[in-house]
1. Any idea which of Glu243, Glu307 is crowded, with 18+ Cβ neighbours inside 10 Å and acidic (Asp, Glu)?
2. Tally up the residues in segment 120-155 that are within 16 Å of the ligand (Cβ to nearest atom), among the β-branched types (Val, Ile, Thr) and surrounded by 14 or more Cβ atoms within 10 Å (Cβ to Cβ), please.
3. If a residue has to be in a loop (DSSP other than H, G, I, E, B) and in contact (Cβ under 8 Å) with a residue 60 or more places away in the chain to count, how many in segment 44-83 make the cut?
4. For segment 317-352, give me the residue count where each residue is more than 16 Å from the ligand (Cβ to nearest atom) and either of a type in the set (Gly, Ala, Ser) or surrounded by 16 or more Cβ atoms within 10 Å (Cβ to Cβ) (or both).
5. For the condition under 30 Å from Gly7 (Cα atoms) and of a type in the set (D, E, K, R), what is the one hit in Glu183, Glu137?
6. Could you list, in sequence order, all residues of segment 313-343 that are touching a Leu at 6+ places or on another chain (Cβ under 9 Å) and without any contact (Cβ under 8 Å) to a residue 40 or more places away in the chain?
7. Applying the selection to segment 202-211, what residues are surrounded by fewer than 23 Cβ atoms within 10 Å (Cβ to Cβ) and either under 30 Å from Gly281 (Cβ atoms) or within 16 Å of the ligand (Cβ to nearest atom) (or both)?
Amino acid sequence: MAGLPAGASNITARLELYSWTAFASTTTAVHQASGGAGGAGTWASKPTLGAALDTSTAVTAGYNAWNVSSAVKGNGAVTFAVRQSTRNTRVYWASKESTNTAARPRLVISYTAPSPTPTPTPTPSPGPGWRLVWSDEFDGTALNTAKWRARDSYVDYDRACITSRAKNVFVANGSLTIRAQKENYTCGGATRPYTTGYVDTIGKASFTYGRFEARIKSPNGPANSRGLWPAFWMRPDDGGNGEIDVTELPGGASYYKAATAAIFRDYKPTKNDFRYTFPTGHPGDGFHTYTTEWEPGVIRWYVDGREIWRRTGDTTSWLEETFGADDTYKRKFHLRLNFQVGGWLGDPDAATVLPADFVVDHVRVWQR
Ligand SMILES: [Ca+2]
């Protein structure tokens, strides 16, 4: 037997032998019989029969079945024999050489197929010289407030109120989840139809240059995701010009397949951005790793370890001015994870499924 898929479970096996006629006999199926059963019926040494699997007390015309599941654990060879209390088996049973192919012995297998799992995406290793300087693997049971602050807030372009409640931001099962909900909530003196979450490292961790990575599962599929917009991005502590978007993952039929990489000088907007469409799959089909390497004179973006885009002084005249870090202009950028609901790329519609989860397996920062 070779056809069982990896991960098959609940395997059952039925040995079926065809008898040309009914007769009285007790038959017992056994397995792992050793010794040959060939020849004319007079053995020099009879096969050694194994333990009983299943017994039938009468033979009927047509197929007779024995449950041999306990002998079948997976692919590979298993030998079965049937021990019979009366009569000569050769007279009544169809053999594997029978010209009637529909009467040959057969082993009928049924099983539960493994549930399909998305291709796991490896977490890429950083190149030479990068040293891990900060990370959160989200292994605990609560947001680590030494590293992050969950905000209670709102912004004009977000249709949701941002709350720090566990309903919107929580750590469990090795991940941070930011959950957008459909619920009326009041913030800034107005009631909004959604809530969401937002965490940042302002005042807790900020960096000049580095390799910034998050492993993320977006909630956004081809349908039912319009208006959902997870993002991992960075802003300078001084609140001035400059934004680095490691990834933005807006939902909706027009956007769900792509991850957007971007840098902003200002919000006039002077910006460069690039929408990377996955060669197979999409950001919502499982966890994917999004990385930005910010170094003097160059910023590179990666998805699942593959470089997708880079900016240098040649492509972007304002790169050094905005992201340079000479001694007189040493700027530190902090990390942000937010899950905007609605805005420039469309509001949720009737098909948008809420609650929706923006799940982050880890955030890691290296420097060199
Ligand atoms: Ca984790």
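1. Glu243
2. Just the residues of segment 120-155 that are within 16 Å of the ligand (Cβ to nearest atom), to begin with: 120-124, 132, 134-144, 147-148.
Narrowing the set further to residues that are among the β-branched types (Val, Ile, Thr) leaves 121, 123, 141.
Next, only the ones that are surrounded by 14 or more Cβ atoms within 10 Å (Cβ to Cβ) stay: 121, 123.
The qualifying residues number 2.
3. 7
4. Within segment 317-352, the first condition is being more than 16 Å from the ligand (Cβ to nearest atom), and the residues that meet it are 317-334, 336, 338-352.
From what's left, either of a type in the set (Gly, Ala, Ser) or surrounded by 16 or more Cβ atoms within 10 Å (Cβ to Cβ) (or both): 317-319, 322-325, 331, 333-334, 336, 338-343, 345-346, 348, 350-352.
Within segment 317-352, residues that are more than 16 Å from the ligand (Cβ to nearest atom) and either of a type in the set (Gly, Ala, Ser) or surrounded by 16 or more Cβ atoms within 10 Å (Cβ to Cβ) (or both) number 23.
5. Glu137
6. Gly313
7. Residues of segment 202-211 surrounded by fewer than 23 Cβ atoms within 10 Å (Cβ to Cβ): 202-210.
Answer for segment 202-211, where residues must be surrounded by fewer than 23 Cβ atoms within 10 Å (Cβ to Cβ) and either under 30 Å from Gly281 (Cβ atoms) or within 16 Å of the ligand (Cβ to nearest atom) (or both): just Gly210.
Listed here are the residues, each with its yes/no results for (1) under 14 Å from Tyr198 (Cβ atoms); (2) at pLDDT 90 or above; (3) in contact with a Leu (Cβ under 7 Å, 6 or more places away or on another chain).
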site: Thr112; (1), (2), (3): no, no, no
site: Pro120; (1), (2), (3): no, no, no
site: Gly129; (1), (2), (3): no, yes, no
site: Leu132; (1), (2), (3): no, yes, no
site: Thr141; (1), (2), (3): no, yes, no
site: Ala150; (1), (2), (3): yes, yes, yes
site: Asp158; (1), (2), (3): yes, yes, no
site: Thr177; (1), (2), (3): yes, yes, no
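The values are calculated or read from the model by the stated rules, or taken from the named source; none is laboratory data. Keep in mind the model is a prediction, meaning the values are calculated, not measured. Neighbour counts are summed over all protein chains in view; Cβ atoms, including those assigned to glycine, are modelled from backbone coordinates with ideal geometry.
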